[in-house]
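The next block holds one structure in the form of structure tokens; read it before the comments.
The values are calculated or read from the model by the stated rules, or taken from the named source; none is laboratory data. Just so we're clear, the structure is a prediction, and the values are computed from it rather than from any experiment. Because the Cβ atoms are built from the backbone with ideal geometry, glycine has one as well, and the counts that use them run over all protein chains shown.
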Amino acid sequence: MAYSVKLSDYLDGDEDSVILEFESDSEIDELGEVDEDSSHSYSEVNEFSDGPSDKKDTGGSRYLDADQKKPSWGRGLTEMAYESSGVPKLAYSCLTTDQMFDLILARLERIQPIFEISYGDIIVMLQKYGWSEERLLEDWTEDQERVLVSCGLKLATSSNRSRGIQDHSDFVCNICCESNKQRTFRLECGHEYCIECYKHYIKDKLLEGKIISCMSCSLALKNPDIDAIVGDNSSQTLMRSSIKGFIHKHNNHYKWCPFVDCNCVIQVTNISALSEFPRFHLSPFVVCNNHHRFCFKCGLESHAPGDCQVAEVWVKMAQLESANLNWVLKNTKECPKCGVNIEKNGGCNHMTCQSCEYEFCWICELPWEGHGGGFFECTRFSKDEKNGATETKNSLRKYTFYYKLFSEHENSSKLDWALGLAVEQKVRALQENIGISWIETQFLPESIRSLIEGRTTLKWSFPVAFYSDPSHNLTKIFVDNQALLVSAVEDLSQLLQVKDPHDIIARKLEFYNKARFVQSRNRALSECGRDLLCKRICVPRG
Amino acid sequence: MASLPKRIIKETERLVLDPVPGINAVPHEDNLRYFQVTIEGPQQSPYEDGVFELELFLPDDYPMEAPKVRFLTKIYHPNIDRLGRICLDVLKANWSPALQIRTVLLSVQALLASPNPNDPLANDVAEDWLKHEDEAIAKAREWTKQYASRK
């Protein structure tokens, strides 16, 4: 967490800079509207968030957390490549859960005058109405009383009981059945239980983000009740959880980052552009603050050069066919020379057998010699390898071949993430031991990002190759491009294995060059893949 | 074993002293959180005259967490699957700590009286139920006779 901007820093700061930090190089004019909205909300924010600011968002130590300071390469390479050519652009921003909540408050600000009740109560009603403002407003204008009762904000019959914490000398709680309870809580409905049971009950429900009601009836607990019972500003936690429902309802505009443990929300501000993408065989890829790239349309990770259709068909096919394949291909391989079992535990495909010191390529199991140079043939499926096989057998073999490559690169990219964590350590070591400034160490995270993006493109290029007509010239060019990217990626991956900090600094230029090379090869391959799709040489079929 | 919460002791006592008609729940002697339950099929339902065995377990977090209930006797019902798992709101989202073992078992009995094929757990059964209700009811009656007759 060395470089992340803490949440509290920008909660107090002025809001323009916040938005700009996230949107360093995209359409600021598109965001004008959002900007305005959120500026209204800040007065409200303080009301809800003067407690200790959210720990959950700052907890994960991720190596790429230097996000807000990212220079222009923060956005995807492919996006940048297309920006000049008149194809659609997506305007989006990445929000933390807190910013998301502020945004909801800003929306509520607009409708609050109609209700003239507190924000907390409006949220309760919206939750009951599945965040459909239209339906709520409709019912509200028809019969306010009924809406209030059905949302648990009011009792159907009047009651002279008071709401709140009560003191007793000897109360028997019907939940825990313990006697001698001194402090209890009740709502106007008269259902009264001890404070310990209520605490337990509420704590269990805070993260669900739904209305918390009396244990015996549907009368809702309000934020002040929750804070009085549990303390610690717990109602805030509940309010933050309630954004789940909001996002679910407005999933055209908002999506959670699909990566595990990532709490980022992507907001797209020009959703009309979304429908433009398929025409160009492009996909609306977005990058969250933690540098996870995913497709806003299908929710899969970045799958360029394939489009959503390629990805969908491929994933479906993989699910059908790969259960067994996975088992066979997973984890180990025998050394082609001495037959000893080898487990791959790093991202690079240049293997050296520990037992016989034979050097080979993990993918094609041929000697490594020549792989760095011009004869890199691993990505080529040689059709005439064995003739005489029947058509179906051949097609399965072809699929197996491509699937194998796909999963190899998938595994490698997982290992690359691990490598990324190690890189963070290295960066810190460089700063602490050699006294090099933060900005000067940034070539390392940049390299790893290029590596991961390159690897992801490679991975998804195999489905494209699989569905392409192998006899077409463009397919051949595509395969050549693949091979070039493979060798660029492997080169960079190998360089990133260097451990000695002095050595790393000395080879800084090499890092730069190799990363740049991966980026340009990545771009070339993506463009070529898109060409295949546009010219219908690549046709995904289930 | 950790001492049993007072709530569970009270509920158990009441189940024994003031049993619900047609429902019998006895805690296991080795584990007082585990109950062996029998429910009589409600009258005027396809399950009439049947006696169904169930198991009920009170998790550590009970009563904040719902009890776990499962049919042990084979039953043909759109909301109960082949493993005896039950699709019932009070066992899941609508559980409230103010509910009890007896209220849950009453709800299960009520589910037998009014199956809900529109919110199915056993899809094949529910489909039968919606398409050929008479046949489905006959089958439920047959299964009751075959698997749930009073011993």
Only one of A:E490, A:E453 is touching a His at 6+ places or on another chain (Cβ under 7 Å), of a type in the set (D, E) and surrounded by 24 or more Cβ atoms within 10 Å (Cβ to Cβ). Can you tell me which? A:E490
Any residue that is buried (at least 20 other Cβ atoms within 10 Å of the Cβ) and of a type in the set (G, A, S) - is there at least one of those in region A:262-272? no
Boolean, A:R163 is within 14 Å of chain B (Cβ to nearest Cβ), surrounded by 15 or more Cβ atoms within 10 Å (Cβ to Cβ) and within 21 Å of A:I226 (Cβ to Cβ): no
Is one or more of the residues making up region A:499-513 in contact with a His (Cβ under 7 Å, 6 or more places away or on another chain) and either closer than 20 Å to A:C361 by Cβ or at pLDDT 90 or above (or both)? no
Test result for A:A156, among the small types (G, A, S), over 25 Å from B:K6 (Cβ atoms) and free of Cβ contacts under 8 Å to residues at least 40 places away in the same chain: yes
Between a first residue in region A:424-437 that is in contact (Cβ under 8 Å) with a residue 60 or more places away in the chain and in the same structural domain as A:R449 (by TED's automatic domain parsing) and a second residue that is surrounded by 10 or more Cβ atoms within 10 Å (Cβ to Cβ) and in a loop (DSSP other than H, G, I, E, B), which pairs have beta carbons less than 6 Å apart while being 6 or more apart in sequence or on different chains? A:E424/A:Y63; A:L430/A:I436
Given the criterion of a type in the set (V, I, T), out of contact with any Asp or Glu (no Cβ under 6 Å at 6 or more places or on another chain) and surrounded by fewer than 18 Cβ atoms within 10 Å (Cβ to Cβ), identify the matching residue among A:I448, A:I505. A:I505
Since A:N233 meets every condition but one in (1) away from chain B (no Cβ under 13 Å); (2) at pLDDT 90 or above; (3) touching a Phe, Trp or Tyr at 6+ places or on another chain (Cβ under 9 Å), which condition does it not meet? (2)
Tell me, please, whether a residue that is within 13 Å of chain B (Cβ to nearest Cβ), touching a Gly at 6+ places or on another chain (Cβ under 9 Å) and small (G, A, S) can be found in region A:187-209. no
Within region A:167-187, the residues that are under 18 Å from A:D227 (Cβ atoms), crowded, with 16+ Cβ neighbours inside 10 Å and without any contact (Cβ under 8 Å) to a residue 40 or more places away in the chain are A:T184, A:R186, A:L187
I'd like to know if region A:262-280 contains one or more residues that are within 30 Å of A:Q166 (Cα to Cα), among the β-branched types (V, I, T) and modelled with pLDDT of 90 or more. no
